[in-house]
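Working notes for the structure below.
The values are calculated or read from the model by the stated rules, or taken from the named source; none is laboratory data. None of these values were measured; they are calculated from a predicted model. When we count neighbours, we look across all protein chains shown, and the Cβ atoms used for this are built from the backbone with ideal geometry, even at glycine. The accessibility values were calculated without ligands, DNA or RNA, using every heavy atom of the protein model including side chains. Shrake-Rupley method; radii C 1.70, N 1.55, O 1.52, S 1.80 Å.
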Amino acid sequence: QVQLVESGGGLVQAGGSLRLSCAASGRTFSRYTMGWFRQAPGKEREFVAAISSSAANTRYPDSVKGRFTISRDNAKNTVYLQMNSLRPEDTAVYYCAADVNPGLFYTTSYSQYEYDYWGQGTQVTVSS
């Protein structure tokens with residue numbers, strides 16, 4: 001029902017910036033919690049950022065806090081991830097995800113199992 005398409009990935013030098021976008025087809029996008037996750041080779045998928053439906057709440061793990069910013073434009077059905085001060089360890093495939101029935105934001109938004117729809121991912125490579 002909901003299709004998500006990520007864009008904006010690429011190759012960047014350490015210390016540089018990238019802005020990822022995720023365009024959603026959902027008719028009720030403004031009701032969804034949206035999240036970003038990433039997966040590096042040989043590692044588990046990990047939480048990167050989440051934003052509540054109204055954008056009143058955001059959440060980040062310590063690994064990206066202060067460097068990454070999630071935002072959304074409900075009029076455009078789009079969520080963004082601004083990534084600054086990139087490090088080689090940020091190299092991964094980045095996925096956006098939609099939770100169409102959001103629960104308690106701070107309790108569940110970090111968990112990949114909360115999300116119902118996923119994009120195909122976009123590669124981010126940070127060189128040293």
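Observations on the structure shown:
- One residue stands out in region 92-110 among those that are of a type in the set (S, T, N, Q) and not in a helix (DSSP H, G or I): the one that is nearest to Gln82 (Cα to Cα), namely Ser109.
- For region 115-127, the criterion of a residue being open to solvent by 20 Å² or more (accessible area, probe 1.4 Å), modelled with pLDDT under 95 and not aliphatic (A, V, I, L, M) is satisfied by no position.
- Pick from region 1-22, criterion part of a strand (DSSP E or B) and among the hydrophobic types (A, V, I, L, M, F, W, C), ranking: nearest to Val79 (Cα to Cα): Cys22
- Options Leu81, Leu86; residue that is touching a Gly at 6+ places or on another chain (Cβ under 9 Å), within 13 Å of Ser21 (Cα to Cα) and surrounded by 15 or more Cβ atoms within 10 Å (Cβ to Cβ): Leu81
- Residues being under 14 Å from Val79 (Cα atoms) and part of a strand (DSSP E or B) - total across region 23-54: 11
- Residue under evaluation Pro88, criteria (1) within 17 Å of Val5 (Cα to Cα); (2) at pLDDT 95 or above, criterion not met: (1)
- Counting the residues of region 61-74 that are open to solvent by 40 Å² or more (accessible area, probe 1.4 Å) and within 16 Å of Ala98 (Cα to Cα) gives 3.
- Among residues that are among the small types (Gly, Ala, Ser), open to solvent by 70 Å² or more (accessible area, probe 1.4 Å), in contact with a helix residue (DSSP H, G or I) (Cβ under 9 Å, 6 or more places away or on another chain) and closer than 17 Å to Pro102 by Cα, Ser30 is not included.
- Residue in region 17-26 that is open to solvent by 30 Å² or more (accessible area, probe 1.4 Å), in contact with a Lys or Arg (Cβ under 6 Å, 6 or more places away or on another chain) and polar (S, T, N, Q) present: no
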